[in-house]
Every structure is written in C-alpha cells, then in structure tokens.
1. Relative to the first principal axis of the alpha-carbon coordinates of the chain, what is the inclination of helix 18-29, with its axis defined by its Cα atoms, in degrees from 0 to 90 and to the nearest 10?
2. Using a 1.4 angstrom probe on heavy atoms only, work out the carbon and sulfur share of the accessible area of region 147-213 in %.
3. To the nearest 20 debye, what charge dipole does the chain have about its Cα centre, counting +1 at the Cβ of each Lys and Arg and -1 at the Cβ of each Asp and Glu?
4. Packing-wise, with mean Cβ within 10 Å as the measure, how do 19-32, 227-240 rank, highest first?
5. Could you please state, rounded to a whole Å, how far the C-alpha centre of region 22-44 is from the C-alpha centre of region 102-159?
6. Nearest 10 degrees, 0 to 90: what angle lies between the long axis of helix 113-127 and the longest principal axis of the chain (Cα atoms)?
7. What value, in deg cm²/dmol to 500, does the helix sum -39500 (n - 2.57) over DSSP H runs of n ≥ 4 give at 222 nm once divided by the residues of the chain?
8. I'd like to know which of 67, 140, 174 lies farthest towards the positive end of the charge dipole of the chain, counting +1 on Cβ of Lys and Arg and -1 on Cβ of Asp and Glu.
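The values are calculated or read from the model by the stated rules, or taken from the named source; none is laboratory data. The structure presented is a predicted model; accordingly, all values stated were derived computationally and were not measured. Cβ atoms come from the backbone with ideal geometry, glycine included; neighbour counts cover every protein chain shown. Quick note on the areas: whole protein, heavy atoms, side chains included, nothing else; ligands and nucleic acids left out. Shrake-Rupley method; radii C 1.70, N 1.55, O 1.52, S 1.80 Å.
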Amino acid sequence: MQLDLTDKTALITGASKGIGLAVARTFAAEGCHLHLAARNGAAMEEARRELEAEYGVRVTVHALDLSSTAAMERLAAAAGDIDILVNNAGDIPAGSIEVLEEEDWRRGFDLKVFGYITLSRLYYPRLKGRGGVIVNVIGNSGENWDASYIAGSTGNAALMSFTKALGGRSLDHGVRVVAINPGPVATDRMLKIMKRKAIDMLGDEARWQELFDKYPGKRPATSEEVADLCAFLASPRAGYITGTVVTIDGGIASRGSVI
C-alpha cells in the first residue's frame, strides 16, 4: 500500500533505540524526512548516516534530555515546521506502590505524561494549517491495569484520555490525534520492566523469560510491527481516524490478563 508520506516531515522523540528507532526507519523507507530526538546523540547520528544513505531523506538529530518543559520548547524551536509528531519518549519505572518513591513518579511523568502534553501543546497550533498528525505511543497498561507497573498504568491512562479528548475535536481544525498502545515489545526497556515484574510475580528477576509463556504466541511484539502501525496511522490512508487508541498486544488487554 502506498502511504503517501513522501516528502512529509516527522519529529520522533525517543528515537535512539527501540520503537522510536524502528519508527524512524519505517518513515524513512516511506520517503519521510526526519527530526530525531533523544538523549543518545551518538546512536541517532549512526541512524542518520544509515537512513540518509539508504533512503535519501533528510535526517536532523536533536540530542536532548526531554524531561523538562524548557527542553521541549528548545526542541520545537529547533525542529521548526513538521507534518507528523510522534511522541514516544518515556521511561516510567516499573514497581508497586510500596516500591516506588514520589521522585520515581514525578521523574517518569515529567518525561512521558507532561512531555507528550507539552510537545502536543506546542505543535497543535502549527499543525492546523498543514493537515498534521500527532501519534502518541502510549502502552497497553493504560487499559490493562497492573499493580506491578502502577505508575505506568496511571500515566498511560492519562495519555489515553488526553488523546481521546484532543482527537475528538481536532479534525475540526484539520489535525488528527491518535495513539498506539503496545503491549510487551522486544526492546531494552521491556527487559527492564520484565525483570521488575519477575521479582513481583515470581520472586526472582532472573526468571523474567518465564513470563514469555504468558504471551499470545509465546512472544512479545517486534518494534517493526509497532512502527508499521504508526506509519499507517500517520498517513493520509488513515485520514478519518482521530481520537482513537489502537492496541497492539496480541489480545492481552482483551483477555483482561496482566503480563
């Protein structure tokens, strides 16, 4: 399917690895020019060289810690006009309410919850005249509540509501706002969360791979599967989709099971 993303410009946060880097590769393959933002500038520079050489697109790297409003404002000023915003940067810590300190909650929310809201707030007026799209990569714990990931469940539920509230009216302004709820995805971040869950559920972080037995298909999703969905939702092919959260978790949330 031709997604008609050629010569569009996308800003992707959390783009140095995992889902964000997979989204960058998929968008570049569709002919989309990129702004990549994350803390790891070296990893993004390597991606820039690879993507420009292979796909002939323009790639700009923004090496920033995005956990403050000031950093988001600097990013928006540096990136300039875009057609697609992919909010993906986030690192809300795993753990139960007994384990997490207030600082853990605030640090996680500053980067992900307030980060998504702030960058959307900065770009929404600028996307109005461009038929722009905001894609929020959230996480299925926002609909599949998990006491072992209580901060993530709470923050993700807030971002789901944010997406629906903004996206429900945004098409009146020519903007679409959508979200993706990945379940477990094969990334470094998943490994960190799964080790914490293995402690809570099995009493031993070394047993984290045993949790694969609970997954549909006995595996997590791949970053590329999430990236493909992101590209479709960002494209004109999804032009009547807004205010919607699409879950990609193999059916976990529909089962009502916690993994």
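1. The angle comes out near 30 degrees.
2. Details: 1540 of 2950 Å².
In region 147-213, the share of accessible area belonging to carbon and sulfur is 52 percent.
3. That gives the chain a dipole magnitude of about 500 debye.
4. Numbers: 19-32: 23.9, 227-240: 19.0.
Listed from highest to lowest mean packing, they are 19-32, 227-240.
5. Each part reduced to its Cα centre gives a spacing of 20 Å.
6. In the chain, helix 113-127 runs at an angle near 20 degrees to the longest axis.
7. Numbers: 9 runs with 115 residues, N = 259.
Roughly -14000 deg cm²/dmol at 222 nm, from the helical runs in the chain.
8. Of 67, 140, 174, it is 174.
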